[in-house]
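Peer 1: Here it is, the structure, as structure tokens.
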Amino acid sequence: MSELVWKSATDLRRMMAAKEVSPVEVVRACLDRIGALDGTLHAFITVCADAALDAAKAAETRLVSGETAGRLDGIPIGLKDLCDTGGVKTTGGSKILADRVPAADATLVRRLKDAGAIMIGKLNMHEFAYGPQGLNAHYGTTWNPWDAETHRIPGGSSSGTGAAVAAALCAGGTGSDTGGSIRIPASLCGITGLKPTYGRVSRAGVLPLSWTMDHVGPMARTAADCALMLGAMAGYDPADATTSVLPVPDYTVALTGEVKGLRVGLLRAGFVGAAAPEVASAVERAAKTLESLGAKVDEVALEHLDVVPAASFAIVAAEALAYHSRWLRTRADDYQPDVRERLRLSVLVTGEDYVRAQQVRAWVRDAVDEALRHRDVLLAPSTPIVAPRVDEADVDIRGRRSDVRSALIRFTRPFNLSGHPACALPCGFTDSGLPIGMQIAGRPFDEATVLRAADAYQQATDWHTRRPPVG
């Protein structure tokens, strides 16, 4: 298969500008790879082959004439199937919305298209984004491309994006993150994914799970590509009252490769110390790598972590039930079992529980702010485990059993509750060849520093360049 599929969006942009490659060649290479591999991977729900080729031809015409639509012109990108696409099905990975065709694009989709990105298809996901494993009973559970022998989960809910980017079916994609659904699949699939600050990217036209916890962001093979995509996606949107009016910087300018003097807080208690040994060791080595590049690393702890699970559950459950209550009454059998049961448990959350949870949220936000008061970023594992088999219900972490779902979201959801930006990226592999991910969190609306640290680490290491044994 063509080597073009493995080029980063940043490299493709440079190659297209130099007329070394055409957008049509790139899109055809991706479509060929989708045709060869997606029957196994189940990363896509809908492939928009004809529309993608038409868009590629238009991008090629612009390229020949010396014009450009934007920084993503000609770059093939997949969309998580909860982002509305005008004239193309948006199912939310569900049976209930299987035939839903929106009239207009979500704001972030329109912005990506305005930047020239080519939408190659709609990506699989955990039904209605309500699960960190990436399970889907309706369209098939996505296969993690790093295990060619055993069906391992890719992580969810942005499972299709994680697998598609890792297997080079597209150069990048969108994900949503309510409890870790960008960072978990990025970690388990060995790619890079950024959960921006709450309010940095519009969610208008994106199917909700939890209005006050949902974030939408880019997923790609490199931090540089995430910076390119975020620059196109971010910004105030009058259709989403939660979006910030703060100006959107050029995130690529921050990618200097320089982190000398950067203050990094290593979250050992409750994070590194609570991860599986191989994961903990990889993150410790990553901290030393950053230190060798000139960063100043010290140890820091976050307060109130013990109350995060209950508070997060109360908020997400109550808000999800508000959205799903009608269907839960009239179409309960059309949900896959794990999502249906999770929604039914939501009725146990009282109004008092919800208010208390929002109070806890303020405590957690203050604790993260305090940890960052004398530091630029925080460093922690993305997940305490690597990708488990799809049939594993629980895992052993340092001699203690945990159900897979709780384990996967343990380290990610504190930053959903607080709203701080956090980027997941690969920092090693297990002896059996499975990716290990770490996350770098930063101050509100300081994605530039988060991406600078992630990019500098990737310039110094090669974990993000490794290819899964699929195809």
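The values are calculated or read from the model by the stated rules, or taken from the named source; none is laboratory data. Please read these numbers as outputs of a predicted model, since none were measured by experiment. Note that each Cβ is placed from the backbone with ideal geometry, even for glycine, and that neighbours are counted across all protein chains shown. For accessibility, only protein heavy atoms count, side chains too; no ligands or nucleic acids. Shrake-Rupley method; radii C 1.70, N 1.55, O 1.52, S 1.80 Å.
Peer 1: Which one of these is among the basic types (Lys, Arg), open to solvent by 30 Å² or more (accessible area, probe 1.4 Å) and in contact (Cβ under 8 Å) with a residue 40 or more places away in the chain: Arg326, Arg331?
Peer 2: That would be Arg331, the only listed residue that is among the basic types (Lys, Arg), open to solvent by 30 Å² or more (accessible area, probe 1.4 Å) and in contact (Cβ under 8 Å) with a residue 40 or more places away in the chain.
Peer 1: Looking at the stretch 46-89, which of its residues are under 17 Å from Arg13 (Cβ atoms), open to solvent by less than 30 Å² (accessible area, probe 1.4 Å) and either without any contact (Cβ under 8 Å) to a residue 60 or more places away in the chain or β-branched (Val, Ile, Thr) (or both)?
Peer 2: Selection gives Ala59, Ile75, Ile77.
Peer 1: Hey, another quick one. As an exercise: evaluate Leu372 against (1) surrounded by fewer than 22 Cβ atoms within 10 Å (Cβ to Cβ); (2) in contact with a Phe, Trp or Tyr (Cβ under 9 Å, 6 or more places away or on another chain); (3) within 24 Å of Lys296 (Cβ to Cβ); (4) hydrophobic (A, V, I, L, M, F, W, C) and give the number of the one condition it does not meet.
Peer 2: (2)
Peer 1: Please work out which one of (1) under 21 Å from His215 (Cβ atoms); (2) modelled with pLDDT under 95; (3) not charged (D, E, K, R) is the condition Ala148 fails and give its number.
Peer 2: Of (1) under 21 Å from His215 (Cβ atoms); (2) modelled with pLDDT under 95; (3) not charged (D, E, K, R), only one is false for Ala148: (1).
Peer 1: Then there is this: Test of understanding: among Lys113, Lys122, which residue is at pLDDT 95 or above, touching a Ser or Thr at 6+ places or on another chain (Cβ under 8 Å) and within 25 Å of Arg13 (Cα to Cα)?
Peer 2: Lys122
Peer 1: Yes or no: the stretch 400-422 includes at least one residue that is free of Cβ contacts under 8 Å to residues at least 12 places away in the same chain, open to solvent by 30 Å² or more (accessible area, probe 1.4 Å) and on the phi > 0 side of the Ramachandran plot.
Peer 2: Scanning the stretch 400-422, I find no residue that is free of Cβ contacts under 8 Å to residues at least 12 places away in the same chain, open to solvent by 30 Å² or more (accessible area, probe 1.4 Å) and on the phi > 0 side of the Ramachandran plot, so the answer is no.
Peer 1: Go through the stretch 453-469 and count every residue that is within 18 Å of the chain's Cα centre (by Cα) and either open to solvent by less than 20 Å² (accessible area, probe 1.4 Å) or closer than 21 Å to Ala232 by Cα (or both).
Peer 2: Going through the stretch 453-469 one residue at a time, the tally reaches 4.
Peer 1: Working only within the stretch 253-275, note down all residues that are farther than 15 Å from Ala441 by Cβ and open to solvent by 20 Å² or more (accessible area, probe 1.4 Å).
Peer 2: Once the filter is applied, which keeps residues that are farther than 15 Å from Ala441 by Cβ and open to solvent by 20 Å² or more (accessible area, probe 1.4 Å), the stretch 253-275 yields Val253, Ala254, Leu255, Thr256, Gly257, Glu258, Lys260, Gly261, Ala269, Gly273, Ala274.
Peer 1: Being without any contact (Cβ under 8 Å) to a residue 40 or more places away in the chain, under 16 Å from Ala227 (Cα atoms) and open to solvent by less than 80 Å² (accessible area, probe 1.4 Å) is the filter here; which residues of the stretch 1-17 pass it?
Peer 2: Correct list: Asp11 only.
Peer 1: Tell me, yes or no, whether the stretch 58-65 has at least one residue that is acidic (Asp, Glu) and over 23 Å from Leu228 (Cβ atoms).
Peer 2: Narrowing the stretch 58-65 to residues acidic (Asp, Glu): 60.
With the extra rule that they be over 23 Å from Leu228 (Cβ atoms), the set shrinks to none.
Checking the stretch 58-65: not a single residue is acidic (Asp, Glu) and over 23 Å from Leu228 (Cβ atoms).
Peer 1: Does Glu149 satisfy the condition of being over 19 Å from Ser312 (Cβ atoms) and open to solvent by less than 10 Å² (accessible area, probe 1.4 Å)? Write out each step before concluding.
Peer 2: Numbers: over 19 Å from Ser312 (Cβ atoms): yes; open to solvent by less than 10 Å² (accessible area, probe 1.4 Å): no.
It is false that Glu149 is over 19 Å from Ser312 (Cβ atoms) and open to solvent by less than 10 Å² (accessible area, probe 1.4 Å).
Okay, residues lined up against (1) within 23 Å of Gly92 (Cα to Cα); (2) of a type in the set (S, T, N, Q):
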residue	(1), (2)
Ala204	yes, no
Asp214	yes, no
Ala224	no, no
Ala227	no, no
Gly235	no, no
Pro249	no, no
Thr252	no, yes
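Peer 1: Next question. Of everything in the stretch 18-35 that's outside any loop (DSSP other than H, G, I, E, B) and open to solvent by 60 Å² or more (accessible area, probe 1.4 Å), which residue is farthest from Gly175 (Cα to Cα)?
Peer 2: Glu25
Peer 1: Test Ser406 against the stated conditions and say whether it is among the polar types (S, T, N, Q) and farther than 16 Å from Val279 by Cα.
Peer 2: yes
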